[in-house]
Structures are given as structure tokens and as C-alpha cells.
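Take a look at the structure below.
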Amino acid sequence: MSTATAALLAEGVPPMVAAGLAEDAGFAMVGEAPKDGLPLVLLLSEIDPDRLTRALRPPTAACLEFAFGKAGIGPGLGPTLRAGGLYLSLSTTTAYGLGPAHAFAAAVAARTDMSHAACQGLELALHEATVNAMLHGNLEMPPSPRETIEAMTEFYRSVEAHLADSRRAARRVEIAARWSRAAIEVSVRDEGRGFIHTAQPAAADPTAKSGRGLTLIRHLAAGVEFSDGGRRIAMSFAR
Amino acid sequence: MEYETLEKNGIIHVTLRGRITYADHPSFRNVMSQLANSSATRLEFDLANAEFIDSAGLGMLLLVRDAAAQRKATVVLKGPKGQVQRIFASNRFESLFAIQQ
């Protein structure tokens, strides 16, 4: 198909479903290796940490989790494929259990020849952004202070309860990376209600037990921008 | 993360290995229960094999610090390295904990 924008390889997905998703997305279906130089999009069900690491290796351009009956193609997939970057879409349930930042950061570092220390910084910023996307974005957990062990325990009990709500658990976390000679940009997008970020974080209490994620991100990334009503964070890292 | 504890001579030694994240809150709760049920006056975390810690992990260490303070016990962080050491430094943990290399 000369108009196909990517080649889709599905594993563990009913063939008719995969074919239908490919057609809707304008992708060509393939059985194995990339076809005609098209970027390779993997559609997988049941992703564990090892599978994720393998799935993110070249020549993969995008990895989509097939979950809750959906492929989770988000607004960032097209631009990321055109930019020759790397894209990952997971349900909140899977993202919460996997902690995808480690594998995704390693995959970006391998493609961009990052130093170990730089990769670790990117990984932590991405991890914090992903946790925010899952908990406060998709699961709609209010940013309540967790300053005691009881409050912390109650918070995670509430997270588990929210994960049992399939409407919220099915919401996607979209992680996308692109790079130039000068910088690497990694973005995380959720499907929650969004929120307004203050221009500068309030002066941080050094003994605060929660709410440190954004401060950490601003410390680790060279630049941070929000878009889509606060649902998307873009973090840039110097190369 | 993986963790193990050993209580000896009034000290609870806690060895943490791997990645310390939000998923480890039950383990930290266990450590705090152990502290509450002991007469230990010192809690030492061996972090030589801790590869990664996130903001939730920092918060949980601070919760341990609060619990220890209530019992007049000291918390020592031993051997942090790499990313863990960098994050402790950027969060001024040396002003909140005894950190030993």
C-alpha cells in the first residue's frame, strides 16, 4: 500500500482485530520485518518488563499495548513516526505495574548514545512524569499530602480502588521521544481532565513527603513545557 | 526493590537492593512496624545496591525519619551511589539524615 504510513506487526491480538486497527490507522500489516522502509509499529498484549525491553529495540518505532479492546493510538504517534523517534502507548493498569520509564529511557539512550548518568537523569524525570500522568491524570487522584504513614497507606489503597475502575484504568499513558543533534525531547500525555500548572513551583519544603515530582523534573530537565490543558508534559534534555 | 532487615544490638539494619519506587510502600510500612515493635535506637539503611529512587521513595525515607524521631532513634543512610546519591544531594538529604559512604 503506497499510502501506508507504518507497518503494523501484531502479537497476541486477534488477526481480524489487528487488521481492522491497521486499516483504520492507515498502516500496512506485516508478518515479520519492516516493509519497504516503513516505520515498524508493534501491537502487543500482555507486556512484562522483559517483553517491553525487547519490543523497544530497533527497528521498532512504536509499541502499542492492545488493552481494553483498543490499540491506544494517541495524538503523538503520527508526529513521532514522522520525526523518526520512539513511541509507547500503555493502559494505566499496565503502566502502573511495569514502570516503563526504565526500559524507555534505555531504548532512547541506546539510539542517541547518551552517557549512563544522562540516561539516569532522563529516566527519573520520565518516571516522575509518568507517575503524575497515571495517578493525577488518568486516575484523577487529587494531590493530597501524604505526610504520615496512615495517609500514605490510604493514598495507595485509593489508587488500587481507582485502578479497579476500568473506565479510568483503560486510559492511556503516551510516551514519545524525538531527538536532534542538540537535544532529546521526551513527552508524556495522559487522558485525564488536565490541570493548570503554576509558572514556578512553590518554595519546596525539604521535609515534604509528597508532591516532589514536578520539582525533580524541573531539576533534571533543561526545559519543561505543558500543553493540552496540562495533560501533556514535554521535557527537553541537552545532548 | 528487594529488602532484608536484621536487628542486632539495638540497631535495625535494612538492606535495600534495586529500584526504590512507589510500588515499595508496603515494604517501608513493614520496616516502620518493625521499628515500632522494637527497642532499637538506630536504623541503618544499606543503599550500596540501590540503583534508583523516585520521589515516592524519598518521601518514604522521610516517613521513616519521622517515625524514628518519635522514638528518639537515629536514621543513617549508608553507601548511596550514582543517581541515588545525586538525588539525595539535590534534595538536601545531608541536612536531614546522617549519610555515610
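Using the Cα centre as the reference, give the magnitude of the dipole from point charges on the C-beta atoms of segment A:115-239 (Lys, Arg: +1; Asp, Glu: -1; all else neutral), rounded to the nearest 20 debye. Mind dumping the intermediate values first?
Working: 16 positive and 15 negative charges, 77 e Å.
Result for segment A:115-239 is approximately 360 debye, rounded to the nearest 20.
Full extension from residue A:46 to residue A:195: what is 0.36 nm times the residue separation minus their Cα-Cα distance, to one decimal in nm? Present the calculation step by step, with values, prior to reporting the outcome.
Numbers: separation 149, 0.36 × 149 = 53.64 nm, distance 3.10 nm.
Length gained between residue A:46 and residue A:195: 50.5 nm.
Would any residue of segment A:123-137 have its amide N under 19 Å from a label point 7 Å out along Cα→Cβ of residue B:23? List them or say none.
Residues A:123-136 qualify, since their backbone N sits under 19 Å from the label point.
Let me confirm one metric for peptide B:53-66, namely the mean number of other chain beta-carbon atoms within 10 Å of its residues' beta-carbons. Walk me through the numbers on the way to the answer.
Details: counts 1, 10, 15, 12, 0, 5, 9, 5, 1, 7, 8, 1, 2, 5.
That works out to 6 on average.
If the cut-off is 12 Å between C-alpha atoms, which aspartates and glutamates fall inside it for residue B:81, apart from same-chain ones fewer than 8 positions away?
Hits, sequence-local ones excluded: B:46, B:51.
In Å and from the alpha-carbon atoms only, list the Rg and Dmax of the protein assembly as shown.
21.2, 74
Would you calculate, for the protein assembly as shown, the mean residue ellipticity at 222 nm contributed by helices, counting each DSSP H stretch of 4 or more residues as -39,500 (n - 2.57) and dividing by all residues, to the nearest 500?
Values: 12 runs with 124 residues, N = 340.
Helices in the protein assembly as shown give a 222 nm mean residue ellipticity of -11000 deg cm²/dmol.
Kirkwood hydrodynamic radius (Cα pairs, Å) of segment B:18-101? Don't jump to the answer; show the numbers that get you there.
Values: mean 1/r = 0.0775 Å⁻¹.
After inverting the pairwise mean of 1/r, the radius is 12.9 Å.
Please turn the phi angles of segment A:113-124 into ³J(HN,Hα) values with the Karplus equation 6.51 cos²θ - 1.76 cosθ + 1.60 (θ = phi - 60°), one per residue in order, whole Hz, x for glycine and proline.
Once rounded to whole Hz, the list reads 6, 6, 5, 4, 5, 5, 4, 5, x, 4, 4, 5.
Add +1 for every Lys or Arg and -1 for every Asp or Glu among the other residues with Cβ under 10 Å from the Cβ of residue A:43, and state the total. Let's see the in-between values first.
Values: positive: none; negative: A:11, A:65.
Its environment carries a net charge of -2.
What does the charge count near residue A:227 come to, summing +1 for each Lys or Arg and -1 for each Asp or Glu among other residues with Cβ under 13 Å from its Cβ? Before the final figure, lay out the partial values.
On the way: positive: A:189, A:231, A:232; negative: A:174, A:185, A:190, A:225, A:228.
Summing Lys/Arg as +1 and Asp/Glu as -1 gives -2.
If you place +1 on the Cβ of every Lys and Arg, -1 on the Cβ of every Asp and Glu, and leave all else neutral, what size is the dipole of the protein assembly as shown about its Cα centre, to the nearest 20 Debye?
Using only the charged Cβ atoms, the result is roughly 680 debye.
If you take all C-alpha pairs in segment A:87-239, what percent of them are over 29 Å apart?
16 percent
Can you give the average number of partner chain beta-carbon atoms within 10 Å of each beta-carbon in peptide B:19-26, as a whole number? Intermediate results must be reported in sequence, preceding the final value.
Working: counts 4, 0, 5, 10, 4, 0, 8, 2.
Counting other chains' Cβ atoms within 10 Å and averaging over B:19-26 gives 4.
Specify which residue in the list A:77, A:101, A:210 is farthest towards the positive end of the charge dipole of the protein assembly as shown, using unit charges on the beta carbon of Lys, Arg (+1) and Asp, Glu (-1), about the Cα centre.
A:210
Modelled label-to-label distance, residue A:218 and residue B:94, 7 Å Cα→beta-carbon offset: nm?
In this crude spin-label approximation the distance works out to 2.4 nm.
Rounded to whole Å, give me the distance from the Cα center of segment B:41-101 to that of segment A:173-198.
30 Å
Suppose the chain between residue A:153 and residue A:113 were pulled fully straight at 0.36 nm per residue; how much longer would it get relative to their current alpha carbon spacing?
Working: separation 40, 0.36 × 40 = 14.40 nm, distance 4.01 nm.
Length difference between fully extended and current span is 10.4 nm.
Any read-out appearing in this document is the output of simple, stated calculations on the displayed coordinates, not a laboratory observation. Computed from a predicted structure; not experimentally measured. We place every Cβ from the backbone using ideal geometry, glycine too, and count neighbours over all the protein chains shown.
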